[in-house]
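The values are calculated or read from the model by the stated rules, or taken from the named source; none is laboratory data. No experiment lies behind these values; they were computed from the predicted model shown. Note that each Cβ is placed from the backbone with ideal geometry, even for glycine, and that neighbours are counted across all protein chains shown. These area figures cover heavy atoms from the full protein model, side chains too; ligands, DNA and RNA do not enter into them. Shrake-Rupley method; radii C 1.70, N 1.55, O 1.52, S 1.80 Å.
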Amino acid sequence: MNSKEKILKRLAGDGMEPRPRPEMDFVPQRFADREQTFVERLEAGGGCAVRMEAGETLDEVIRRLYPEAKSIASTMDEVTSATINPDRVEDPRQLVDVDLGVVRGSFGVAENGAVWIAQDIRHKALYFGATALMIVIPREAIVDTMHEAVVRPEVDDFGYGCFVSGPSKTADIEQALVFGAHGPMSVTVVLR
């Protein structure tokens, strides 16, 4: 008999009384101010939240936040400053290192600052290859928790989708935090 078998035999012979499983009376968490909690959690993860002002356009937001961006990829009609239409790009590698990708998000999650993006462009490479990513969501489209998020219809009706909760980051190498290792160096969520 090996050591694993000896341990399992001792545990089985210990005579512990079986116990019933606990009741699952889960009550979801609620936030008094979903939008503010979303902003705080997004920023805690290294992202940035921007609230659009009344009458402000997306182009104005882009120029205010990314004045140096020369290559801007977007399929959104409101983004007239886009220099690249990602749906017209044949090779997705052409979207890598674009200065700014501007995409539509479906909703945000206050609990963790994540935004659901369902692929509505030809190449998902823009979501991960752009140097900076700007995600636009309606202000009222923020749910409290991931429990609410995963049952939303947008999460069921897609070919590809993902939650983004800030810029790409890793601390695998020498425990040094590195932004942009596997995706955008910055993520800005525009609440409109």
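Need one number: % antiparallel among DSSP beta bridges in the chain, to the nearest 5. Mind dumping the intermediate values first?
Numbers: 9 of 30 bridges.
Rounded to the nearest five, the antiparallel share is 30 percent.
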Please list Cys162, Cys48 from largest to smallest accessible area, probe radius 1.4 Å, with all protein chains kept in place. Cys48, Cys162
With only helices counted (DSSP H, runs n ≥ 4, each -39500 (n - 2.57)), the per-residue ellipticity at 222 nm for the chain, to the nearest 500, works out to -5500 deg cm²/dmol
Mean separation of Cα contacts under 8 Å (6+ apart) over length of segment 1-137, as relative contact order %: 23 percent
Accessible area of Glu43 in the full protein assembly, 1.4 Å probe (Å², nearest 10): 90 Å²
Of the trypsin sites (Lys or Arg not before Pro) in segment 1-75, those whose Cβ has at most 13 other Cβ within 10 Å and which sit in DSSP loop: Arg30, Lys70
In segment 1-71, carbon and sulfur make up what percent of the accessible area (probe 1.4 Å)? 52 percent
Using the Karplus equation 6.51 cos²θ - 1.76 cosθ + 1.60 (θ = phi - 60°), what ³J(HN,Hα) coupling, rounded to whole Hz, does each residue of segment 109-122 give in order, writing x for Gly and Pro? 10, 4, 3, 9, x, 8, 10, 7, 10, 9, 5, 10, 10, 4
Positive-end residue of Ile72, Ile62, Cys48, charge dipole of segment 1-103 with Cβ unit charges: Cys48
Residue-normalised value, i.e. accessible area per residue, for segment 80-192 at 1.4 Å probe, in Å², stands at 48 Å²
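Would you mind working out the magnitude of the charge dipole of segment 35-140 relative to its Cα centre, with +1 at each Lys and Arg C-beta and -1 at each Asp and Glu C-beta, to the nearest 20 Debye?
Details: 11 positive and 18 negative charges, 46 e Å.
The dipole magnitude comes to about 220 debye.
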